[in-house]
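Some notes on the structure that comes next.
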Amino acid sequence: MTVILPQKTTTQIGMSNVTRGELHPTLYLLHGLSDDDSIWLRRTSIERYVAEMGIAVVMPNVHRSFYTDMAVGGRYWTFISEELPMLARSFFPLSDKREENFVAGLSMGGYGAIKLGLRKPESFAAAASLSGALDMAHRFMNWENPPVKTKEFDMIFGKEDITGTPEDLLWLLEEADRSTGPKPALYQCCGTEDFLYSDNLKFRDACRATSLDFTYAEGPGNHEWGYWDAKIRDVLAWLPLKSN
């Protein structure tokens, strides 16, 4: 993982760094299919954006796993949902309070962030997706080109249909709506030129049919870093952080 920690400084040119206390509120920030834990630092100004907020950012590496316990491969869901928070808090002064823990991600990471928020609502107050792959049950069963994707998805999810399982975000959304327990606030954005736009419209409509606290934003944009660098700032402004 790559981690940004709050640090109160007075000599960083162009940055106003602050801290909020001994244990830091934390954003778990997830990468997309072709990336790794370093990508948010390399392609955006996330370090500069969070400096004045006093929050930590934990960016894990899960390779091409779709944040799942793979049928053939590593147990990345167990890692992201159990091992990572425990390890990160053992290394760094991070808060374990639900109201101070959030998750966000782009593309594959958007899928992972919403899944984490919906499956672990007792641990995360908010989850945000940027251009997320939010209808993987449909894509898993209907991806045509290139054919290698089908083989890769079989290695990730197995060969059976994932509709109506904990890997299906639309099913998780229905389960969360029926639950009497805590529910995460959800944020979703997608560019109107993005190849995942139709998936995002489907998930948006499903969210609007629930009682969850849901924020949606769309506008011109494609599946690229200029869009995500701009939109992560909107996500940071949306996070339900307590006043410093």
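If you filter region 124-147 down to residues that are closer than 14 Å to Leu201 by Cα and assigned to a helix (DSSP H, G or I), you find that the one that is modelled with the highest pLDDT is Met136. Here is the figure for region 206-244: residues that are part of a loop (DSSP other than H, G, I, E, B), crowded, with 18+ Cβ neighbours inside 10 Å and either β-branched (Val, Ile, Thr) or more than 18 Å from the chain's Cα centre (by Cα) (or both) total 1. Examine region 87-107 for a residue that is of a type in the set (Phe, Trp, Tyr), in contact with a helix residue (DSSP H, G or I) (Cβ under 9 Å, 6 or more places away or on another chain), surrounded by 16 or more Cβ atoms within 10 Å (Cβ to Cβ) and part of a helix (DSSP H, G or I), and state whether such a residue exists. Among the residues of region 87-107, not one is of a type in the set (Phe, Trp, Tyr), in contact with a helix residue (DSSP H, G or I) (Cβ under 9 Å, 6 or more places away or on another chain), surrounded by 16 or more Cβ atoms within 10 Å (Cβ to Cβ) and part of a helix (DSSP H, G or I), which makes the answer no. Going by what's in this entry, would Glu152 be described as over 16 Å from the mean Cα position of the chain (by Cα) and either among the polar types (S, T, N, Q) or modelled with pLDDT of 95 or more (or both)? So Glu152 fails the test. For region 195-207, the count of residues that are touching a residue at least 12 places away in the same chain (Cβ under 8 Å) and closer than 19 Å to Leu29 by Cα is zero. Residue count for region 31-75, restricted to those that are within 30 Å of Val18 (Cα to Cα), of a type in the set (Asp, Glu) and not in a loop (DSSP other than H, G, I, E, B): 1. Within region 186-205, the set of residues being farther than 12 Å from Leu106 by Cβ, hydrophobic (A, V, I, L, M, F, W, C) and buried (at least 19 other Cβ atoms within 10 Å of the Cβ) comprises Leu186, Phe203.
Checked against the criterion of being surrounded by fewer than 23 Cβ atoms within 10 Å (Cβ to Cβ), without any contact (Cβ under 8 Å) to a residue 24 or more places away in the chain, in contact with a Phe, Trp or Tyr (Cβ under 9 Å, 6 or more places away or on another chain) and in a helix (DSSP H, G or I), the candidates Thr78, Thr150 yield just one match: Thr150. Would you please name the residue that is nearest to Ile232 (Cα to Cα), looking only at residues in region 18-55 that are surrounded by fewer than 16 Cβ atoms within 10 Å (Cβ to Cβ) and in contact with a Leu (Cβ under 7 Å, 6 or more places away or on another chain)? Only one residue fits best here, namely Glu47. Yes or no: region 110-118 includes at least one residue that is under 16 Å from Leu29 (Cα atoms), among the aromatic types (Phe, Trp, Tyr) and in contact with a strand residue (DSSP E or B) (Cβ under 6 Å, 6 or more places away or on another chain). Looking for residues that are under 16 Å from Leu29 (Cα atoms), among the aromatic types (Phe, Trp, Tyr) and in contact with a strand residue (DSSP E or B) (Cβ under 6 Å, 6 or more places away or on another chain), one finds none in region 110-118, hence no. Filtering region 56-97 to residues that are aliphatic (A, V, I, L, M) and under 16 Å from the mean Cα position of the chain (by Cα) leaves Ala56, Val57, Val58, Met59, Val62, Ile80, Leu84. Selection within region 1-19: residues that are within 19 Å of the chain's Cα centre (by Cα) and not hydroxyl-bearing (Ser, Thr, Tyr). The member of this set that is farthest from Pro93 (Cα to Cα) is Met1.
The values are calculated or read from the model by the stated rules, or taken from the named source; none is laboratory data. In this text, all values refer to a predicted model and were calculated from it rather than measured experimentally. For neighbour counting, all protein chains shown are included, and Cβ atoms are generated from backbone atoms with ideal geometry for every residue, glycine included.
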